[in-house]
Amino acid sequence: MTPRSPHTAPAAPADLAERRRSRPGSPVHQGASAEAAILGAARGARRRTERRVVIVLAAALLVVAALSLSVGSYSLSVPDLLRTLAGQGTGAENFIVLTLRLPRVVLALLTGIAFALSGALFQTVLRNPLASPDIVGVTGGASAAAVLGMLVLGFGSLATAFAAFGGAILVATVIYLLAWRGRSGGAGGVAGYRFVLIGVGVAFMVQGLIGYLLTRAQLRDAQDALTWLVGSVSGAAWPEIAVVAVGLAVLLPIVWMLAPRLRALQLGDDLATSLGVGAERNRLGLLIVAVALAALATAMVGPLAFVAFVSAPIARRLAGTGGLSLVPAALVGALIVSAADFAAQHLLPGGLQLPAGVVTGAIGAPYLLWLLATGAAGGSGSGSARDSTEGIR
């Protein structure tokens, strides 16, 4: 053993203690290793559960899509359906499946994904289960702009869709500006509970505007507007599907790129800032993406009630996690809209069809009542530590 030089300073007690802790055989090191192993096993179990949930949801979505394509006044067997999808069906089969039914199924799937991800982003960024675009007035703004375009300006379907998109963006901007407040130290931001409360107030205002426009309209025009306001995928066509597909192709990569920052924001603004995540800047970016998703879906199929509201909570319960589950949430949203449209087509006898929004409203309204009755709606704000203890009272 090499003798220690007389000029070498003895190790400090803190250094000696650190060496003992880092020694592989020490009790502290063994405890840390055991804790890391437990955490790793828990993460692995959550990932496996989420994968199983994704597989089950995808299978259920495939079953609903197959039923929607094959069941109706002209029913097809599974072999006939597969043959038609391969382009080898008869003229009647090609028209019924490829022209009438398939666009409806695809549009339901895409808009369900958009609504669900929008709701998941709203609820996570604002840390409040009531923060979804249909509750805080974003889809209400789209509805008001669409009704104004249809009843006053005489817009066609394409112009109405653009008006709805612009209305959602405008109302969301107004809500954000009204919810903004300064904080000590000169920094400002948006608290989640303020955004929700102001959004609910704005939603009532736009509903009043919609009611006024409907009472001033001709009966036939008012009926068309009411059908749009309920929400339906019955008018699906490939041009509308192309618009939604392009929009999702742009927005989905942004969602996945911002997902790590979204998880940091779940910890609160102070911790997110300490991790190097600019809280308000990233919150604004995520809200812009969420509003764009809701506006895109609403412009194409109308304000389908409660899809954005219930998709993320259902996905979290299925996955057994309290955190963010984007893929399960997207699949739940697609499944809800697809199943609601299928049920709306076949619930009533005699070939009568309901708008899909009637069914989604029947699904979501009981959940909202349960949420309010159990007190689970008390969410935290998205601002400072003080905000994080404040809910909706």
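The values are calculated or read from the model by the stated rules, or taken from the named source; none is laboratory data. Quick caveat: nothing in here was measured; it's all calculated off a predicted structure. Heads up, the Cβs are rebuilt from the backbone with ideal geometry, glycines too, and the neighbour counts pull from every protein chain shown.
Some points to look at:
- Matching residues, the stretch 337-355, being without any contact (Cβ under 8 Å) to a residue 12 or more places away in the chain and part of a helix (DSSP H, G or I): P349, G350
- Count of residues meeting criterion [surrounded by fewer than 24 Cβ atoms within 10 Å (Cβ to Cβ) and charged (D, E, K, R)] in the stretch 304-351: 2
- Just one of the listed residues (G276, G285) is outside any helix (DSSP H, G or I), modelled with pLDDT under 90 and not hydroxyl-bearing (S, T, Y), namely G276.
- Helices (runs of 4 or more DSSP H) wholly inside the stretch 44-143 containing at least 1 residues that are buried (at least 21 other Cβ atoms within 10 Å of the Cβ): 78-85, 102-125
- Put simply, of V200, V244 the only residue that is closer than 14 Å to T139 by Cα and part of a helix (DSSP H, G or I) is V200.
- The stretch 221-239, residues that are more than 17 Å from F306 (Cβ to Cβ) and β-branched (V, I, T): T227
- For the residues G149, G154, the requirement of being outside any helix (DSSP H, G or I) and over 21 Å from L287 (Cβ atoms) singles out G154.
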